């Protein structure tokens with residue numbers, strides 16, 4: 001009888017209650033803030049981190065996951081009797097973590113030849129961020145819990161990732177400028193003119209879809225794109241940071257436009273907040 005383990009990293013932003021419900025193991029990214037190091041989404045809640053982030057004299061940094069972390073993961077799952085492990089990783093174009101996982105898998109099988117044919121490790125590059133891939137892991141785990149095979153679950157994850165669209169608008173441009181998501185020149189012009197970028201990821205690369213003036217027009221732009229692109233009858237997710245007022249406006253406007261509420265409303269975690277800022281709103285849906 002097969003036993004499938006689902007794993008991912010903390011940039012997937014899977015809420016703790018879903019992690020526990022579906023037994024999804026999440027590997028936390030290390031976050032350095034001054035002289036202190038924290039484990040993303042372990043040592044703080046998202047809302048606590050927003051306060052820490054805004055109070056920090058310098059924007060914190062985060063490191064990739066190392067090979068030792070993955071070897072511990074693979075060894076633990078193998079020893080626990082799992083037959084399959086499906087790990088969905090943060091965008092390989094934004095982090096070396098996926099390549100590290102590939103190398104660790106080779107190391108694991110070299111050290112454990114008896115695992116060949118008995119324990120399958122499938123590694124998936126999400127090519128995206130936040131619940132744009134976290135939701136795929138959740139759905140794969142739910143499918144397997146209902147009796148589906150590891151192959152069926154992995155195929156579901158890959159199919160979602162091939163069709164997912166994440167839209168987000170950073171409302172405080174200094175974080176996106178620091179991370180390189182937008183250029184310093186664009187950030188300067190945006191701040192001067194009150195322009196907010198509506199952004200996405202395509203093929204793993206960040207892309208500015210439009211620039212709109214004022215936060216009210218950000219909401220309208222996000223909703224309009226979602227209404228035009230979303231596949232009918234599929235779930236949509238609401239991304240929020242610390243701007244609860246704008247998140248509520250986006251939720252109401254998108255619910256009215258689509259005729260149904262979000263399948264999930266969730267806060268971004270530390271890694272995403274460092275790169276996009278805590279003051280953002282966004283949507284995730286299937287095209």
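Taking every DSSP beta bridge that has both residues in the range 4-162, what percent is antiparallel when rounded to the nearest 5?
Just about 30 percent of them are antiparallel.
I'm checking a number: the convex hull volume of the Cα atoms of the range 192-287, normalised per residue, in Å³. What is it?
Each residue corresponds to 103 Å³ of Cα convex hull volume.
With only alpha-carbon atoms in the gyration tensor, what are the semi-axes of the equivalent ellipsoid for the range 4-162, in Å, largest first?
The answer is 27, 18, 14 Å, longest axis first.
Where in the range 81-97 is the amide nitrogen less than 20 Å from a point lying 7 Å along the Cα-to-Cβ axis of residue 263?
Label zone hits: 86-91.
Rounded to the nearest 500 deg cm²/dmol, what is the calculated helix-only ellipticity per residue at 222 nm for the chain, with -39500 (n - 2.57) per DSSP H run of length n ≥ 4?
-13500 deg cm²/dmol
Taking neighbour counts of Cβ atoms within 10 Å as a proxy for exposure, in what order, fewest first, do 226, 41 appear?
Ranking 226, 41 by Cβ neighbours within 10 Å, fewest first, gives 226, 41.
Among 206, 120, which comes first, then next, by fewest other beta-carbon atoms within 10 Å?
Neighbour counts put them in this order, fewest first: 120, 206.
Which percent, to the nearest 5, of DSSP beta bridges fully inside the chain are antiparallel?
60 percent
Provide 52, 131, 199 in ascending order of the number of other Cβ atoms located within 10 Å of each residue's Cβ, fewest first.
52, 199, 131
At 7 Å along the Cα-to-beta-carbon direction for both residue 72 and residue 224, put a label point, then send me their distance in nm to one decimal.
4.9 nm
Just to be sure I understand the model, the point goes 7 Å from the Cα along the line to the Cβ. What's the resulting residue 245 to residue 51 distance in nm?
For the pair residue 245/residue 51, the computed spacing is 2.0 nm.
With just the Cα atoms defining each centre, how far is the range 111-166 from the range 23-60? Give it in Å.
26 Å
Coordinate-derived values only; no laboratory data. All figures in this text were calculated on a predicted structure; none of them were measured in a lab. All Cβ positions, even for glycine, are placed from backbone atoms using ideal geometry, and neighbour counts span all protein chains on display.
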